[in-house]
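Enquirer: Can you read through this structure? Questions will come right after.
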Amino acid sequence: MTTDPTVMIVIPWRPTADRQYAYDLTVAHYQALLPDAMLLAVDTDHEPFCLAGCRNKGVRLAQDARADVVILGDADTLPEQEPLLAAIHGATTSGLVHLPYTSYRSLRRDGTAQYRRGVPLQDCNHFEVPGACSGVYVTTPATWWAHGGQDELFLGWGGEDAAWSAAHLTLLGAEPVRHNGRVYALHHASAVKEGEQYSANFARIYRYHQAQGDPDATWALLREGEAANAEQPVAGTQQASVTP
């Protein structure tokens, strides 16, 4: 008899008034899709917010809880059930990270308003984001650390997903496994996409792209991130909901 994997859902989350509704909808969505999974909201003490740091911390917490599979889900992104279940089962044996979608749909303001009025997700107004590699990851802890996790030098908005994708291809020898389906990103106020940190993030992406195909150079970049954050204090975990 095959035993279903133990799953922890990790949602990186730092409360803000304008995003609270999206977070609440995301939590409710996961609870409906996977009622037996553990669910945690996770933050760190990075300033500004560090999505990569939250994901890494979430994987460590999943290891502590002896979860077989971790879903790293953004606090505004809703997956479909069938591809999510396929990703969970695939991740247990593939040695690769799985993405439960081939189509990333941004609902924007009008599509999100439709969803909140009860329109099914697949019928809400949206635009496609070509080549998206963010939103929802499905992995085992072993697979996550086999390619270094994510680089915590990416702070604020942007960059960690593209760098991670390059590292995954270089260090694991393949792109993440995609499952036919859709994820839906809810509307909220956009982060500021300018300034020194924004520029530093995208300069760092360039370095990951330059290192693609070179494992030694990629590991060197990841070690830079580890060294820079070695003394970073870790905040307490916010617990959104836990199902044993």
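The values are calculated or read from the model by the stated rules, or taken from the named source; none is laboratory data. In this text the structure is predicted, and so the values were computed from the model without any measurement. Counting neighbours? That spans all protein chains shown, and the Cβs are built from the backbone with ideal geometry, glycine included. Protein only, heavy atoms only, side chains kept; ligands, DNA and RNA dropped before computing areas. Shrake-Rupley method; radii C 1.70, N 1.55, O 1.52, S 1.80 Å.
Enquirer: Considering only residues that are surrounded by fewer than 17 Cβ atoms within 10 Å (Cβ to Cβ), in contact (Cβ under 8 Å) with a residue 12 or more places away in the chain and farther than 14 Å from residue 184 by Cα, which ones fall in the stretch 93-105?
Expert: 95
Enquirer: Look at the stretch 131-180 and say how many of its residues are open to solvent by 30 Å² or more (accessible area, probe 1.4 Å), in a loop (DSSP other than H, G, I, E, B), touching a residue at least 12 places away in the same chain (Cβ under 8 Å) and closer than 14 Å to residue 104 by Cβ.
Expert: 2
Enquirer: Residue 19 is checked against (1) open to solvent by 10 Å² or more (accessible area, probe 1.4 Å); (2) in contact with a helix residue (DSSP H, G or I) (Cβ under 7 Å, 6 or more places away or on another chain) and fails just one. What number does that condition carry?
Expert: (2)
Enquirer: Does residue 87 satisfy being in contact with a strand residue (DSSP E or B) (Cβ under 6 Å, 6 or more places away or on another chain), closer than 30 Å to residue 125 by Cα and in a helix (DSSP H, G or I)?
Expert: Working: in contact with a strand residue (DSSP E or B) (Cβ under 6 Å, 6 or more places away or on another chain): yes; closer than 30 Å to residue 125 by Cα: yes; in a helix (DSSP H, G or I): yes.
Yes.
Enquirer: OK, next. Please count how many residues of the stretch 42-69 are over 14 Å from the mean Cα position of the chain (by Cα), open to solvent by less than 20 Å² (accessible area, probe 1.4 Å) and polar (S, T, N, Q).
Expert: Qualifying residue count for the region: 1.
Enquirer: Can you say whether residue 4 is open to solvent by 30 Å² or more (accessible area, probe 1.4 Å), free of Cβ contacts under 8 Å to residues at least 60 places away in the same chain and either over 15 Å from residue 186 (Cβ atoms) or charged (D, E, K, R) (or both), as far as the supplied structure shows?
Expert: Working: open to solvent by 30 Å² or more (accessible area, probe 1.4 Å): yes; free of Cβ contacts under 8 Å to residues at least 60 places away in the same chain: yes; either over 15 Å from residue 186 (Cβ atoms) or charged (D, E, K, R) (or both): yes.
It is true that residue 4 is open to solvent by 30 Å² or more (accessible area, probe 1.4 Å), free of Cβ contacts under 8 Å to residues at least 60 places away in the same chain and either over 15 Å from residue 186 (Cβ atoms) or charged (D, E, K, R) (or both).
Enquirer: When the stretch 3-48 is examined, which residues are found to be in a loop (DSSP other than H, G, I, E, B) and closer than 18 Å to residue 84 by Cβ? Before you say what the answer is, go through the steps one by one.
Expert: From the stretch 3-48, those in a loop (DSSP other than H, G, I, E, B) are 3-6, 13-16, 34-37, 43-48; that's our starting set.
Residues satisfying the conditions are 4, 5, 6, 34, 35, 36, 37.
Enquirer: Something else: In the stretch 98-130, how many are of a type in the set (Lys, Arg) and within 30 Å of residue 172 (Cα to Cα)?
Expert: At the first step, the residues of the stretch 98-130 found to be of a type in the set (Lys, Arg) are 105, 108-109, 116-117.
Now drop any that are not within 30 Å of residue 172 (Cα to Cα), which leaves 105.
The qualifying residues number 1.
Enquirer: In addition: Quickly run through the stretch 107-130 and pick out the residues that are assigned to a strand (DSSP E or B) and surrounded by fewer than 20 Cβ atoms within 10 Å (Cβ to Cβ).
Expert: If we filter the stretch 107-130 for residues that are assigned to a strand (DSSP E or B), which is where we start, we get 107, 127-128.
Of everything in the stretch 107-130, those that are assigned to a strand (DSSP E or B) and surrounded by fewer than 20 Cβ atoms within 10 Å (Cβ to Cβ) turn out to be 127, 128.
For every residue, the table says whether it meets (1) touching a strand residue (DSSP E or B) at 6+ places or on another chain (Cβ under 8 Å); (2) modelled with pLDDT under 95; (3) under 16 Å from residue 52 (Cα atoms).
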residue: 157; (1), (2), (3): no, yes, yes
residue: 173; (1), (2), (3): no, no, no
residue: 188; (1), (2), (3): no, yes, no
residue: 195; (1), (2), (3): no, yes, no
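Enquirer: If you take the residues in the stretch 24-41 that are under 16 Å from residue 185 (Cβ atoms) and in contact (Cβ under 8 Å) with a residue 60 or more places away in the chain, which one is surrounded by the most Cβ atoms within 10 Å (Cβ to Cβ)?
Expert: Applying the filter and picking the extreme gives 26.
Enquirer: Looking only at the stretch 75-113, which residues are touching a helix residue (DSSP H, G or I) at 6+ places or on another chain (Cβ under 9 Å) and of a type in the set (Lys, Arg)?
Expert: Answer for the stretch 75-113, where residues must be touching a helix residue (DSSP H, G or I) at 6+ places or on another chain (Cβ under 9 Å) and of a type in the set (Lys, Arg): just 105.
Enquirer: Also, quick follow-up: Just a yes or no: is a residue in the stretch 26-38 of a type outside the set (S, T, N, Q) and touching a helix residue (DSSP H, G or I) at 6+ places or on another chain (Cβ under 6 Å)? Please lay out each step first, then the result.
Expert: First, the residues of the stretch 26-38 that are of a type outside the set (S, T, N, Q): 27-30, 32-38.
With the extra rule that they be touching a helix residue (DSSP H, G or I) at 6+ places or on another chain (Cβ under 6 Å), the set shrinks to 33.
The answer is yes; a qualifying residue exists.
Enquirer: Evaluate the following for residue 72: is it open to solvent by less than 10 Å² (accessible area, probe 1.4 Å), hydrophobic (A, V, I, L, M, F, W, C), in contact with a Cys (Cβ under 9 Å, 6 or more places away or on another chain) and not in a loop (DSSP other than H, G, I, E, B)?
Expert: Criteria met by residue 72.
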